[in-house]
Structures are given as structure tokens and as C-alpha cells.
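This report refers to the structure that appears directly beneath it.
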Amino acid sequence: MSNQAEFSDIQGNFCPVGQEGLLLIHGENHTQVALRQVLGPHYRLETSTELAASPHFLKEHAIALVLIEATLFIKIGDDFCQQLKAHRWSRDIPIIVVGDRDPQKVAATFDAGAQDYLSLPLLAEEVTARIQARLNDYRRCQQLSHQNRLLFAEVRERKQAEEALQQAEVKYRRIFENATEGIFQTSREGRYISVNPALANIYGYDSPDDLMHVITDVGKGLYVQPQRRAELIVYLEQFNQIKGAESEVYRKDGSKMWISETIRKVYDESKHFQYYEGIVHDITDRRRMEMELRQQRQQADRLLVNILPYQIANRLKTGPRTIAESYDEVTVLFADLVQFTAASGQMDAKELVKLLNEVFSTFDHLAEKHGLEKIKTIGDAYMAAAGLPTPRADHIDAVASMALDMQAAIKQFRRPDGQSFQLRIGISTGPVIAGVIGVRKFAYDLWGDTVNLASRMESTGVPERIQVTTEVYERLRHRYHLESRGMVFIKGQGNVESYWLLSRKRPL
């Protein structure tokens with residue numbers, strides 16, 4: 001039987017199985033005519049008389065199955081199959097050979113690499129069923145290949161991720177081991193999960209294992225303040241992290257030190273809490289320096305307050321260098337130790353300074369008692385005032401009371417000859433200007449006629465007496481015993497009437 005007869009002898013009905021890209025390689029034209037009658041309505045059939053499968057052609061036309069005449073396949077089978085298998089996207093394309101029922105020819109085609117064989121005469125149902133079966137196998141192979149590629153890609157990505165994770169862990173471990181800051185991880189219960197060598201060194205332990213073995217509860221074994229860790233945990237539960245929390249802790253030898261901690265909560269991918277992680281810095285030296293600085297500042301503040309009134313000292317620390325104010329109602333007191341210069345010639349330096357310190361310390365206590373502001377001492381003279389820097393209505397009474405107490409107190413101090421020291425005291429009241437002078441050594445001082453007149457009241461007075469101006473007399477005469485001295489010559493003012501302050505009419 002001729003080839004023309006073989007391919008034209010087709011029996012049965014066609015089965016509609018869909019449109020697929022098929023390639024028919026034939027030698028005679030009647031071959032494609034015969035198969036097109038069966039396949040044309042159901043498949044997209046490309047034909048070729050060339051005995052080689054062009055990879056470009058197969059890919060461009062999306063060929064899913066190759067049909068080839070048996071006589072041609074026997075000639076080119078091995079080479080043709082190698083061409084298909086040379087490319088990943090064509091290696092699974094099935095090959096179906098079409099020919100007569102010669103058993104040797106059928107066996108030869110399968111040996112050459114064909115997946116199926118269609119024998120003549122062809123039945124439409126058989127042709128479409130076999131082609132569809134091979135196409136299904138091809139699709140399964142394609143799906144399997146695709147799944148394998150996805151699997152290989154996933155395996156490759158996982159491997160890359162694992163390698164990256166290992167590299168990150170190595171890098172983290174290197175940083176963890178070599179960091180100069182202390183690094184730790186603790187459980188919610190307060191047990192160390194891991195610590196680095198720097199932390200063990202900060203706390204004075206031989207190794208991280210030594211630290212973790214000794215401190216089994218961070219809250220009880222580390223912090224000096226028993227509730228400190230509980231306070232930190234409360235803050236962490238609310239804000240998830242703490243920066244620069246300063247705490248006092250114990251070292252291994254029992255000594256205390258200060259640390260600064262930055263702590264955060266660590267969660268897994270499911271947002272479940274894992275552990276606390278933190279960094280520790282030793283701030284003991286910094287705290288010690290701050291403490292010393294604070295003590296020096298407090299000492300400087302105390303010295304400043306000893307030199308200046310408290311309110312003025314605070315203003316000088318926080319405000320301008322120049323402080324000057326006017327006061328309308330101030331009473332000024334000057335006191336002088338009578339013949340102290342003569343007595344000092346009979347005393348050595350230490351005795352002299354000791355005596356003056358005791359006398360003026362007594363006056364300082366009296367000034368504090370009556371609310372006066374000590375202004376200064378000049379040699380054996382003492383100056384104080386009331387009504388500044390905080391104004392007060394009873395400033396004249398306060399100075400008068402202090403002057404009487406000073407006269408009483410001086411009697412306890414003895415001269416080298418055994419007699420009591422004596423005081424001259426002068427008092428004046430009125431407006432003054434007060435301010436701070438000096439750059440390296442500050443001094444709070446007063447200026448004005450009131451100050452000058454008080455000084456003249458003292459210098460023109462007599463021992464054991466308190467000389468006051470007419471203004472003071474007028475303000476005190478209802479509550480104190482005073483007597484007129486008469487006229488006194490005051491330099492710059494001429495004759496001025498003055499009075500002696502004797503005592504209070506009614507005891508305080």
C-alpha cells in the first residue's frame with residue numbers, strides 16, 4: 001500500500017479536545033493533508049519538511065507535540081531527540097511517529113526516543129486520544145518542572161537566607177563578644193539568658209559564665225535598690241524600651257557602682273514576647289565627678305550666702321552681674337570696740353583673731369535672731385542693717401533690740417587687763433542704695449546719707465552707749481526709753497540733735 005493510501009484511509013468521528021500547537025514533519029504533501037483532516041478542527045497544526053527542529057521555531061510557535069513520519073524518524077531520530085533535549089523548555093515535548101504496523105519499525109522508533117506510535121489505518125478517536133494523552137503527559141511534565149523550579153528556587157532562597165542568617169549570627173556574635181559596652185539578655189523572671197565578656201568585666205566577674213552562675217535573679221542580686229528592676233519592668237511594659245536609665249548596682253566584690261542601661265523588649269514574628277535585651281555603660285566615674293561638682297557647687301553657694309544675703313546670692317547665680325537697688329525704709333547700725341587697738345597690742349595674733357571671731361560670731365547670732373542683715377566687718381567695727389534686701393515694717397525696732405542685746409553681750413568678753421570690752425553703737429534710719437560690687441570677691445554694701453549718718457552716730461558716741469538720730473527717736477520713743485544728748489557736730493551736716501537709746505519700756 002502506498003503512503004497516499006495509508007494517510008487517506010481514516011475512519012470514525014473526530015473528538016473536540018481543544019486547540020494545541022503541534023508540529024508535523026513530513027516527506028510527502030499528502031501526509032499533512034491526511035492528518036490535517038483529523039487534527040485541523042481541534043489543534044493548531046504547523047508543518048515542516050525540514051529534518052531538523054529549529055529551537056527558535058519551536059519556541060516561537062509554542063509547539064507542545066511533534067508528529068513525524070516513521071520513514072523520516074528512523075533516519076534522524078537520535079539527532080532529533082538530542083536537539084529537543086538540549087533545551088530546558090523543549091526537553092519534555094513528546095514525539096509521536098506515524099507509520100505502518102511493521103513491528104521492527106515500531107520498535108526502532110521507540111528505541112530512538114519516540115513516546116508513541118500511530119499505526120495505519122488511523123481512527124480519528126484513537127488519533128485524538130493518543131495525542132491528548134501525550135499532551136496531558138507533557139502538561140504534567142511541565143507542571144512538575146515548574147514545581148521543581150519553584151522548589152529549587154525556594155531551596156536556594158532558604159539556603160541563601162540560612163547563609164545570611166549564619167553570617168549575621170557570626171557578625172552579631174563577634175560584635176557581642178568584642179563590644180566594649182556590656183550587652184545582656186534576660187528573661188521576664190529576671191534570669192540572664194546571655195551576657196558578653198564586657199558586662200562580666202564591668203561587674204567584676206571572671207567570665208560571662210561566672211556572672212550568670214552567681215546572679216540567678218537580676219532584681220535581687222544586682223541592684224542596690226530592691227525594687228529597681230520592678231520599676232524598670234513597669235516602664236518597659238508600658239513603653240517597650242528605656243534609654244539611659246541610671247541605677248546603682250553591686251559588683252562581685254560587694255562594692256557599689258553606677259550604670260546606665262538602654263533596654264528594649266524583643267518579640268518574635270508572631271509578636272510574642274521573647275526576652276529583654278540591653279546595653280550597659282559604667283558611669284561610676286561620671287557620677288563621682290557630678291557628685292564632687294555638686295558638692296563644690298553647694299560649698300560655693302554656702303560661701304556666697306555667707307558673703308551676700310541669700311536673695312542677692314540667688315539672683316547673682318542666675319541673673320546679671322550688676323545688682324543695685326534703692327530702698328526707702330532701712331535702718332543701719334554701726335558698732336565699734338572701744339580701745340581695741342590698744343588692747344590688741346597686748347595679745348598675739350592667734351588670740352586676737354580668736355577674740356574677734358568670738359565677738360563677731362556672737363553679733364552674727366544676734367543678727368540672725370533679730371532678722372538683721374550683716375553687711376560687713378571693718379577691723380574692729382561691725383555693720384548691720386534691717387529692711388533689706390527684704391523690706392520689713394519693724395526694721396527700726398529690730399535694730400534697736402539688737403543694739404541693746406549687743407551691749408549686754410559684749411560684757412562677757414574681757415580685755416587683757418581683765419576689764420570688759422565696751423561698745424559704741426550708732427543708729428540711723430532712712431533711704432539707702434544697696435548693691436554688689438567686685439568681680440572675684442563679691443561684697444554687698446550700702447551707700448547714702450543714712451549710712452554716713454549711722455557711722456557718725458557711732459564715731460561721735462561714747463562707750464557703752466547707743467546714739468540714735470532724731471528720726472529713730474521719733475519712731476521708738478513710745479516703746480523704748482531714750483534721753484536727749486543735745487546737739488552733736490556731724491561733719492558735712494553741722495550740728496545735729498541726737499539721743500541715747502537706753503532700754504525697752506516693756507520686755508519682749
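The values are calculated or read from the model by the stated rules, or taken from the named source; none is laboratory data. Small disclaimer: the values here were computed from a predicted structure and weren't measured. In this analysis, Cβ positions are derived from the backbone assuming ideal geometry, glycine residues included, and neighbour counts consider all displayed protein chains.
Miscellaneous remarks
- Flag for Q407 being out of contact with any strand residue (DSSP E or B) (no Cβ under 7 Å at 6 or more places or on another chain) and within 17 Å of V359 (Cα to Cα): no
- Taken over region 195-213, the criterion of being loosely packed, with under 15 Cβ neighbours inside 10 Å and outside any loop (DSSP other than H, G, I, E, B) is satisfied by D209, H213.
- Flag for E483 being closer than 28 Å to Q412 by Cα and acidic (D, E): yes
- The strands (runs of 3 or more DSSP E) found wholly in region 358-475 and carrying at least 3 residues that are within 54 Å of the chain's Cα centre (by Cα) and crowded, with 22+ Cβ neighbours inside 10 Å occupy 381-386.
- Residue within region 126-146 that is surrounded by 17 or more Cβ atoms within 10 Å (Cβ to Cβ) and not in a helix (DSSP H, G or I) present: no
- Here R297 fits the description: under 32 Å from the mean Cα position of the chain (by Cα), modelled with pLDDT under 85, surrounded by 11 or more Cβ atoms within 10 Å (Cβ to Cβ) and not hydroxyl-bearing (S, T, Y).
- Members of region 485-508 found to be at pLDDT 90 or above and farther than 22 Å from D449 by Cα, listed by number: L502, S503, R504
- The test for being among the β-branched types (V, I, T) and free of Cβ contacts under 8 Å to residues at least 40 places away in the same chain holds for I378.
- Only one of Y276, Y267 that is touching a residue at least 12 places away in the same chain (Cβ under 8 Å), of a type in the set (F, W, Y) and in contact with a strand residue (DSSP E or B) (Cβ under 7 Å, 6 or more places away or on another chain): Y276
- Residue within region 268-279 that is in contact with a helix residue (DSSP H, G or I) (Cβ under 8 Å, 6 or more places away or on another chain), at pLDDT 80 or above and surrounded by fewer than 17 Cβ atoms within 10 Å (Cβ to Cβ) present: no
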